[in-house]
Amino acid sequence: MSTKVLLIVALAVTVALSQHIASDSSRCLCQRIRQRIVGNPRQIKNVEIFPPSNFCENMEIIVNMNGGAHYCLDPNMKKIREILQKLTPKRSSKTLN
């Protein structure tokens, strides 16, 4: 009987560890973040911004270049924050009566 209990405990530990590993931030698209814009800005094809989600707790900014290369930018960079503020619509403080 103790063998069965030991097997159940071992199975429970294995399942718990595998869920912890799977829930790690490895689902984030950006594994490496750059601190500056790389290359000629005219070669930028588009920029994708992914807010934090269930899959990744970080905001991710991915720059796609014309040649197919891509890289991630640090959303905490001062220049990036300034650009994001300009792109984000400002909420009006007016209330409707």
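Where a number appears in this text, it was derived from the coordinates with a stated rule and is not lab data. All values reported here derive from a predicted model rather than from experimental measurement. In this analysis, Cβ positions are derived from the backbone assuming ideal geometry, glycine residues included, and neighbour counts consider all displayed protein chains.
Taking amide H atoms as placed 1.01 Å from N in the peptide plane, list the residues 5 or more away in sequence, or in a different chain, whose amide H sits under 5 Å from that of R34.
The list, which skips near neighbours in sequence, is C72, L73, D74.
Provide the gained length on full extension for the span I33 to E82, in nm with one decimal, where the gain is 0.36 nm per separating residue minus the Cα-Cα distance.
In short, 15.8 nm is gained.
Could you derive backbone 3J(HN,Hα) for the stretch 73-86 from the dihedral phi with the Karplus parameters 6.51, -1.76 and 1.60 (θ = phi - 60°), listing whole Hz in sequence and x where the residue is Gly or Pro?
Per residue, the Karplus-derived 3J(HN,Hα) values read 10, 6, x, 8, 5, 4, 4, 5, 4, 4, 5, 5, 5, 5 Hz.
Going by the alpha-carbon gyration tensor, a ≥ b ≥ c the square roots of its eigenvalues, is the stretch 27-89 rounded (a/c under 1.5) or, if a/c is not under 1.5, prolate (a/b greater than b/c) versus oblate?
Note, shape of the stretch 27-89 comes out oblate.
Net charge within 13 Å of G67 by Cβ-Cβ distance, Lys/Arg positive one each and Asp/Glu negative one each, not counting G67 itself? Walk me through the intermediate numbers first.
Numbers: positive: R42, K45; negative: none.
That works out to +2.
What ranking, highest mean first, results for peptides 50-56, 70-76 when packing means the other Cβ atoms within 10 Å averaged over each residue? Let's see the in-between values first.
Working: 50-56: 12.1, 70-76: 16.9.
Output ranking for 50-56, 70-76: 70-76, 50-56.
For I49 and M65, calculate 0.36 nm times their separation in residues minus their Cα-Cα distance, and state this gained length in nm to one decimal.
4.3 nm
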